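Undergrad: Provided herewith is a single structure, encoded as C-alpha cells, for subsequent inquiry.
Every number here is computed from the coordinates shown, using simple stated rules; none is lab data. Predicted model, so just to flag it, every value in this text is computed and none were measured. Glycine gets a Cβ as well: all are built from the backbone with ideal geometry, and neighbour counts include every protein chain shown.
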Amino acid sequence: MNGDSGGAIEILDPHNHDETTRLNVAYDAIPPATDAVKEHPHKLQQQQLRRWGLAAGVCYTIVIATGMMAVGVQSRLLDLGSPQDTAVHLRANPLLARRGLVLDLVTGCANVAVSILLGCIFWAAGANPVLAVMQAAFRLLQQAVLATNLLHYFAASLLLDTSLNPSFPAAAAMNSLAVTAGDDYTDPAASLAFFFLVLHKYGHLLALVFLGVSLFLLGILIVQDGVLAAGQWLGWVTAAAGVGYATDSMLYFLSTGYNGDVSSYLMVPVRISEFWLAGVLLFRAPTVGQTVEDNATP
C-alpha cells in the first residue's frame with residue numbers, strides 16, 4: 001500500500017512469509033496527545049478523581065440523610081426502657097416500622113458505595129495502598145454486620161404487625177402461643193419482639209466498632225497523603241470520630257449499666273467529620289497524593 005506520508009510501519013503478511021506488505025500510516029491523521037495532557041501528566045487522573053469524589057460525596061450525603069431519618073423513625077417507635085410501650089407503638093404503626101427498615105437498607109447501599117469509592121480514590125491518588133484497602137474493608141465489614149442485624153429489627157416488627165393476614169406463619173404461630181398460654185398469657189409476641197430489639201441495639205453497636213476502625217484509618221490516610229482538601233485538620237477530626245465510635249460502643253459491652261452517659265461528648269467529632277467530609281467530597285476535588293507527585297517530578 002503506497003502513500004505520501006512521511007513514516008511507514010512494515011508488517012509481515014501472516015499468509016506469506018516471503019513477502020511483506022508496506023503499511024503507510026498518515027501520522028498527521030493520528031491525533032497527538034494534547035498540550036494540556038503533556039503539560040499536566042495527571043490531568044486525566046485528576047478528572048477521574050473528581051468524578052469519584054463527587055459520587056462519594058453524593059453517596060455520603062445520602063448516608064447522612066437517610067441515617068438521620070431512620071434514627072428518627074426508630075426513636076418514635078422504640079423505647080427499650082418500656083417493652084409495653086414499644087409493643088403498642090409497633091402494633092399501631094406497622095407501615096412506619098417498614099419505612100424505617102427501607103431507610104436502613106438505602107443507607108446501607110449508599111455506605112457500600114462510599115466504601116468502594118473512597119478506597120478507589122486513595123488508591124488511584126497514590127496513597128498508602130494498605131491503609132486504603134483496610135479502611136474500605138472495615139467499613140464494608142460494618143455494613144455486613146448492619147445488614148444482618150436488620151433481620152432482628154424486621155423480626156420484631158413482624159411479630160407485632162397486626163396488619164398481617166391471619167394465615168401468615170408468624171401470625172398463626174403467635175395466635176397458637178396465645179391460646180396455649182391460657183390464663184398465664186402476658187403477650188409472648190411483645191416479649192419476643194423486645195428480645196429481638198435488644199439484639200438489634202447491640203448488633204448496631206458492634207457494627208460501629210468496625211466503623212470506628214475504618215474512620216481512624218481514613219483519618220490517618222487524609223493526614224499522611226493530602227489527597228482531600230483541608231487535609232490535616234479533617235484527618236485528625238475523622239480519626240477522633242473513629243475513636244469516639246469505637247470507645248462508645250465498647251463501653252456498652254464492657255461497662256455494666258452503661259447507658260450512653262458520655263455518648264454526647266464522644267459523638268461531637270463524629271458529627272463534625274461526617275458533614276465536613278461529605279462537603280469536601282462534594283465541592284473540593286481530590287488531588288494526586290504527595291508520593292505520586294514526588295515520583296512524577298523529573
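Undergrad: Provide the net charge surrounding GLY67, with neighbours chosen by a C-beta distance below 11 Å and charges set as Lys +1, Arg +1, Asp -1, Glu -1.
TA: Residues near GLY67 contribute -2 overall.
Undergrad: Ordered by residue, what ³J(HN,Hα) values in Hz, to whole numbers, does the range 201-215 give under the Karplus form 6.51 cos²θ - 1.76 cosθ + 1.60, where θ = phi - 60° and Gly and Pro are x?
TA: Once rounded to whole Hz, the list reads 4, 6, x, 5, 5, 4, 4, 5, 5, 5, 5, x, 4, 4, 5.
Undergrad: Additional query: Karplus couplings for the range 189-197 from phi (6.51 cos²θ - 1.76 cosθ + 1.60, θ = phi - 60°), rounded to Hz, Gly and Pro as x?
TA: 4, 5, 5, 5, 4, 5, 4, 5, 5
Undergrad: Let me ask something else about it. Could you give me the ³J(HN,Hα) list for the range 134-140, computed from phi with Karplus coefficients 6.51, -1.76, 1.60 and θ = phi - 60°, whole Hz, x at Gly and Pro?
TA: 5, 5, 5, 5, 5, 5, 5
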